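K.L.:
Let me begin by handing over the structure; questions about it come next.
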Amino acid sequence: MQYLERRASMELSPIARLVTNLLRIALAALIPLIAFYILYQGFLFLRAGNASKGVITLIAIVWGVGGVAILYWVFNWLVELLPLYWTTRLQPFVFVGPAMAILAWYLFLPSLRTLWISLYGKDGPPGIPLSLLFSSPNEFIALQRAQFVGLGNYIAVFTDRLMREAFRNNIFFWIGVATPLTVIFGLLVAVLADRSKFENFAKAMVFMPMAISFVGAGVIWNFIYEVKPVGSPQIGLLNAIVVGLGGQPQAWPAYTAISPWNNLFLVIIVVWLQTGYAMVLFSAALKGIPEEIIEAARVDGANEIEVFFRIMVPSISGTIITVTTTVIIFTLKIFDVVWVMTGGQFGTDVIATQFYRQSFIARNSGYGSAIAIVLLIAVIPVMVYNLRRFGEQEAF
Amino acid sequence: MKSSRAQRIRGLLLVNGVLLLLVLIWLIPVVGLLVSSFRDRFDIQTTPWWAILPHRKWEVVEKIDPRAQGLDASGPMTINGITATFEELRAGVTTPEGQRLQWIGNRRIGTIEVQDKVWTVSWKFTLDNYKQVLQGKSFVYTREDGTVVTIPGDNFYGALLNSIAVALPSTLIPILIAAFAAYGFAWMNFPGRRLMFILVVALLVVPLQIALVPILRDYAKLNLNGTFLAIWLAHTGFGLPLATYLLFNYISTLPRETLESAFIDGASHFTVFTRLILPLSVPALASFAIFQFLWVWNDYLVALIFLGGDRNFQVVTMRLAAIVGDRGQDWHLLTAGAFVTMVLPLIVFFSLQRYFVRGLLAGSIKG
């Protein structure tokens, strides 16, 4: 009842005051109820999905975006009804709370839950009620123990032949080949474009694949790798060149005779997609180098290659590290390209395709979760680096 | 002086030449796809897409009936001054005049064609592929032996609508939530503020694979699997760390005086946020919006898991991947379908590239 103090006017009689306040309470309860009811009806409507597609799409957009806005408005309105002391205390949580709740539900808690699941067998932890622990502890422990495998999944992850292949591909081909190629091509285009007359055009064209999905890129490159029987005209660019040079046409990404080097045909796709990203960051960094420094070096007789390696590369080393880490994190989780191009066959499996296959096709959630945890552990150094950099900031 | 000028020109040529070569390499895959998507279904399968460029091709100028000439296909034959066996003629024999003789058909009833090499272009463009992909129109043709073959089209139109229904809220919801949070972190004081922001920074690089199994279980309990709400929330959750981080970096640098004078005028946090901060943050909001829109539109894994196998809810990437899996040789559908999935992101990308670049530069690490 503390919020009576806030705007209570002195002139009103006690009864009038009571009525006003009762109305206020009723309103405070009613408005959220109405809002929730409307949102719930919208939810039921969308879950049923009976209307035509266009209508559903439109309602989905209005309901989704409008609903979130209404929720904020309602909660803020409620908090502002409270006395000032409580408003200032609670309002931050209206602003920050939803984001933190979603982060907790979607990323933070799942990390712990996945870790927990990874210690169990095929079906994960048994779904037994906790009350059993108190009614018959022995049975509870026995049920738990029946599913518990400890580090068994992790041992399997590091010894399984397919997983070893996936690790080899991720570490050697994706981190070892795709990442440096992306950085080198990005740097090359950035440096060349900087001195070219058609800088903007060149940059836009190299950047363009960033807007294309991996599935789309998979189709584009599948078309380049397309193979036709010997003798008929090759409609794929690569095989047309190979045949033109007197070679044998091959389905290159599926060409197991050259395994594991067929991975390179998938690597090319990702380099093609990601170079634009590297180029944009390098281009911005290069423009940040003061012109005088470069001019001074040229006057001192340095040639262009010396200028590049002695001045430009050291000046943008921070950006090179950022780009390299981002691409490494990205390639670590590479999934779509491999899944669409080869389905992980022909020796092209990677960690994320193994994760998908184990978790969602073989339905072995314990094993799949162990693979996900391995992915998480792999990015921890970057996480620590980010946190350390954040710790150096003055703002907090 | 003269040599240095020559050197400079050579340098310029080298720079522009190499750059042009790189740009061509980057463009050719997309051009090939685009050109093919407008070509006739039969043409795509039998001639490469660069046949639209002028090229030399054998064309029949005369047909000779070997039986009328009294030729015996079992031994060497002499036609137009060329002596060759059936096998050689089958593969094609070039005459000194630059013509080619080729035996078409089998040994007993075949004919010999005299061919000339002529310049030609294969310019037969059509919108049929797009009609088949978008309207589900089937392609019907009759084989030589009289059997009628129907190649079903595909329904990308529904998938396009689904993609829009997934992508727009999945872009706008995290922006709204993150903007509130960023404002809270930047302009409000509360216990746990630092710890919460540390959590945001830490979650920036967490791979989303970690969340899929537990979230799928939650959704199964809530009966949410296969609904749009499920995928909006998932994309919101996975995009939120970056969104909060980017928007915080922007909002915290807005001039303090503007806000303080608003507070002195008696404005509440909510009013300041909606009336002042949101309009001022449009560049940052746009940066993240493009980022998230492209990410969601092009996403395959999250859609695959949370929208499941229900064909009615498939987004464009799932539809396209399904064609690759089921009918990977139907290039008339694949090329047009791939281009349909690319049009919207490409438009967004080229019209708002400036904001996208800004977003990339502001926060380059996403989980």
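The values are calculated or read from the model by the stated rules, or taken from the named source; none is laboratory data. Keep in mind the model is a prediction, meaning the values are calculated, not measured. All Cβ positions, glycine included, derive from the backbone under ideal geometry; neighbour counts span all protein chains shown.
K.L.:
Within the stretch A:278-287, identify whether any single residue is loosely packed, with under 12 Cβ neighbours inside 10 Å and not hydroxyl-bearing (Ser, Thr, Tyr), and answer yes or no.
P.N.:
Checked the stretch A:278-287: at least one residue is loosely packed, with under 12 Cβ neighbours inside 10 Å and not hydroxyl-bearing (Ser, Thr, Tyr).
K.L.:
Same structure, new question: Take the stretch A:312-345 and flag every residue that is within 14 Å of the chain's Cα centre (by Cα) and assigned to a loop (DSSP other than H, G, I, E, B).
P.N.:
Answer for the stretch A:312-345, where residues must be within 14 Å of the chain's Cα centre (by Cα) and assigned to a loop (DSSP other than H, G, I, E, B): A:Lys333, A:Ile334, A:Phe335.
K.L.:
Here are some residues: A:Leu71, A:Leu46, A:Leu90. Which one is under 24 Å from B:Asn225 (Cα atoms), modelled with pLDDT of 80 or more, within 11 Å of chain B (Cβ to nearest Cβ) and not in a loop (DSSP other than H, G, I, E, B)?
P.N.:
Just one listed residue meets the conditions, A:Leu71.
K.L.:
Restricted to the stretch A:301-336, and to residues that are aliphatic (A, V, I, L, M) and out of contact with any Phe, Trp or Tyr (no Cβ under 9 Å at 6 or more places or on another chain), which residue is surrounded by the fewest Cβ atoms within 10 Å (Cβ to Cβ)?
P.N.:
A:Ile305
K.L.:
Moving on. Please pick out the residue among A:Thr331, A:Thr322 that is touching a residue at least 60 places away in the same chain (Cβ under 8 Å) and either under 30 Å from A:Arg298 (Cβ atoms) or more than 9 Å from chain B (Cβ to nearest Cβ) (or both).
P.N.:
Going through A:Thr331, A:Thr322 in turn, just one is touching a residue at least 60 places away in the same chain (Cβ under 8 Å) and either under 30 Å from A:Arg298 (Cβ atoms) or more than 9 Å from chain B (Cβ to nearest Cβ) (or both): A:Thr331.
K.L.:
For the structure I just gave you, tell me whether B:Val357 is at pLDDT 85 or above and at the interface with another protein chain (Cβ under 10 Å from one of its Cβ atoms).
P.N.:
Judged against the criteria, B:Val357 is not a match.
K.L.:
Taking the condition at the interface with chain B (Cβ under 9 Å from one of its Cβ atoms) and of a type in the set (Phe, Trp, Tyr), does A:Phe346 pass?
P.N.:
Judged against the criteria, A:Phe346 is not a match.
K.L.:
What about B:Ser122, is it buried (at least 18 other Cβ atoms within 10 Å of the Cβ), in a loop (DSSP other than H, G, I, E, B) and under 45 Å from the mean Cα position of the chain (by Cα)?
P.N.:
Here the answer is yes, as B:Ser122 does meet what is asked.
K.L.:
Filter the stretch A:100-153 down to the residues that are assigned to a helix (DSSP H, G or I) and either of a type in the set (Lys, Arg) or in contact with a strand residue (DSSP E or B) (Cβ under 6 Å, 6 or more places away or on another chain) (or both) and list them by number.
P.N.:
A:Arg113, A:Arg145, A:Gln147
K.L.:
Hey, any hits in the stretch A:214-230 for a residue that's of a type in the set (A, V, I, L, M) and either farther than 27 Å from A:Phe173 by Cα or surrounded by fewer than 18 Cβ atoms within 10 Å (Cβ to Cβ) (or both)?
P.N.:
Scanning the stretch A:214-230 turns up at least one residue that is of a type in the set (A, V, I, L, M) and either farther than 27 Å from A:Phe173 by Cα or surrounded by fewer than 18 Cβ atoms within 10 Å (Cβ to Cβ) (or both).
K.L.:
So which pairs qualify, if the first residue must be in the stretch B:16-34 and closer than 15 Å to A:Leu238 by Cβ, the second must be surrounded by fewer than 17 Cβ atoms within 10 Å (Cβ to Cβ) and not β-branched (Val, Ile, Thr), the Cβ gap must be under 9 Å, and the two must be at least 6 apart or on different chains?
P.N.:
Taking only residues 6 or more apart or on different chains, the pairs are B:Gly32/B:Trp50.
K.L.:
Right, here's the next one. In this structure, is A:Thr114 surrounded by 13 or more Cβ atoms within 10 Å (Cβ to Cβ) and farther than 26 Å from B:Leu222 by Cβ?
P.N.:
no
K.L.:
If A:Ile289 satisfies all but one of (1) of a type in the set (Val, Ile, Thr); (2) more than 11 Å from chain B (Cβ to nearest Cβ); (3) part of a helix (DSSP H, G or I), what's the number of the condition it fails?
P.N.:
For A:Ile289, the exception is condition (3).
K.L.:
In the stretch A:239-263, which residue that is in contact with a helix residue (DSSP H, G or I) (Cβ under 7 Å, 6 or more places away or on another chain) and assigned to a helix (DSSP H, G or I) is surrounded by the most Cβ atoms within 10 Å (Cβ to Cβ)?
P.N.:
Among those residues, the one meeting the criterion is A:Asn263.
K.L.:
Would you please name the residue that is farthest from the other protein chains (Cβ to nearest Cβ), looking only at residues in the stretch A:189-227 that are part of a loop (DSSP other than H, G, I, E, B) and in contact with a Pro (Cβ under 9 Å, 6 or more places away or on another chain)?
P.N.:
Among those residues, the one meeting the criterion is A:Val227.
K.L.:
When you go through (1) in contact (Cβ under 8 Å) with a residue 12 or more places away in the chain; (2) part of a helix (DSSP H, G or I) one by one for A:Ile305, which number turns out not to apply?
P.N.:
(1)
K.L.:
Any residue in the stretch B:223-237 that is small (Gly, Ala, Ser), assigned by TED's automatic domain parsing to the domain that holds B:Leu285 and surrounded by fewer than 19 Cβ atoms within 10 Å (Cβ to Cβ)?
P.N.:
Scanning the stretch B:223-237 turns up at least one residue that is small (Gly, Ala, Ser), assigned by TED's automatic domain parsing to the domain that holds B:Leu285 and surrounded by fewer than 19 Cβ atoms within 10 Å (Cβ to Cβ).
K.L.:
Does A:Pro381 qualify as being modelled with pLDDT of 85 or more, more than 11 Å from every other protein chain (Cβ to nearest Cβ) and surrounded by fewer than 16 Cβ atoms within 10 Å (Cβ to Cβ)?
P.N.:
Taking the combined requirement at face value, the residue does not satisfy it.
K.L.:
Name, by its number, the condition in (1) surrounded by 23 or more Cβ atoms within 10 Å (Cβ to Cβ); (2) more than 7 Å from chain A (Cβ to nearest Cβ); (3) closer than 27 Å to A:Phe355 by Cα that does not hold for B:Ala322.
P.N.:
Of everything listed in (1) surrounded by 23 or more Cβ atoms within 10 Å (Cβ to Cβ); (2) more than 7 Å from chain A (Cβ to nearest Cβ); (3) closer than 27 Å to A:Phe355 by Cα, B:Ala322 misses just condition (1).
K.L.:
Still on this structure, please answer the following. Is it fair to say B:Gly153 is more than 25 Å from B:Ile290 (Cβ to Cβ), more than 7 Å from chain A (Cβ to nearest Cβ), at pLDDT below 90 and touching a strand residue (DSSP E or B) at 6+ places or on another chain (Cβ under 8 Å)?
P.N.:
The answer is yes for B:Gly153.
K.L.:
Can I ask one more? With more than 10 Å from chain B (Cβ to nearest Cβ) and either free of Cβ contacts under 8 Å to residues at least 60 places away in the same chain or in a helix (DSSP H, G or I) (or both) as the only criterion, which of A:Tyr367, A:Tyr356 stands out?
P.N.:
A:Tyr367
K.L.:
Within the stretch B:323-337, is even one residue β-branched (Val, Ile, Thr) and modelled with pLDDT under 85?
P.N.:
Yes.
K.L.:
Okay, next question. Among the listed residues B:Ser261, B:Ser351, which satisfies the condition of being within 30 Å of B:Phe190 (Cβ to Cβ) and more than 10 Å from chain A (Cβ to nearest Cβ)?
P.N.:
B:Ser261
K.L.:
Right, another one. Would you check which residues across the stretch B:332-357 are under 28 Å from B:Leu246 (Cα atoms) and of a type in the set (Gly, Ala, Ser) and list them?
P.N.:
The one that is under 28 Å from B:Leu246 (Cα atoms) and of a type in the set (Gly, Ala, Ser): B:Ser351.
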